[in-house]
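Report on the structure given below.
Quick note: the coordinates plus some simple rules give every number you see, no bench work behind them. Note that this is a predicted model, so its numbers are computed, not measured. Ideal geometry is used to build each Cβ from the backbone, glycine not excepted, and the neighbour counts take in all protein chains shown.
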Amino acid sequence: MDKILELDMLAEADQIEILSINSNKCQAISIQTESGDCYIGINNKKMTRAEETVCKAHELGHCETGSFYNRYSKFDLISKNERRADIWAIKKLIPQSELTNALKNGITEIWELAEHFDVTEEFIRKACEYYGFM
């Protein structure tokens, strides 16, 4: 199944609204309201398909794991919340078994892996590091 469609279906099932935004400051953003509702804004007009996939998965990762940060809390670390969202996205888009199979089948270059999984090269690097392949 198409990854973007799969992510859209997951968001819909979890009642997370994905909105198209027009922003010069960010490609994507996720927020959680005081009532617990999550919204994702994606500025996909200037994105490749791989970039849109990674951004949606990352922002869904914030919603699915509750990894939102409070700028008023000195104890809340942005990096911790970003890492949790990244890990969720990695597991969703590139399961370890699928990455292992790709490597065993000779797909070993970063650009090849990114193309194979339809994600960005930066994201495949994060996945390889997370799973201990780098």
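Here are a few things to note about the model shown:
- Restricting attention to the range 3-93, the count of lysine pairs at 8 or more positions apart or across chains with alpha carbons under 17 Å apart stands at 11.
- Highest-fluctuation residue, 35, 97, 67 considered, GNM on the chain with Cα pairs under 10 Å: 35
- On Cα atoms only, tilt of 121-130 relative to the major axis of the chain in degrees: 90 degrees
- Dividing the summed helix terms, -39500 (n - 2.57) for each DSSP H run of n ≥ 4, by the number of residues in the chain produces a 222 nm estimate of -16500 deg cm²/dmol to the nearest 500.
- The GluC sites (Glu not before Pro) of the range 23-58 that DSSP puts in a loop, and whose beta carbon has at most 12 other beta carbons within 10 Å, are 34.
- For the chain, 26, 55, 128 have no disulfide-compatible partner, since no other Cys C-beta lies under 4.7 Å from theirs.
- Cα convex hull volume per residue for the chain (Å³): 119 Å³
- Close amide H partners of residue 28, meaning residues 5 or more places away or on another chain with modelled amide H under 5 Å apart, are 43.
- Qualifying chymotrypsin sites (Phe, Trp or Tyr not before Pro) in the range 1-89, where qualification requires a DSSP coil assignment and no more than 12 other C-beta atoms within 10 Å, comprise 72, 75.
- Projected label distance in nm at residue 5 and residue 121, using a 7 Å step from Cα toward the beta-carbon: 3.0 nm
- Computed lengthening from residue 109 to residue 129, 0.36 nm per intervening residue step minus Cα-Cα distance: 5.8 nm
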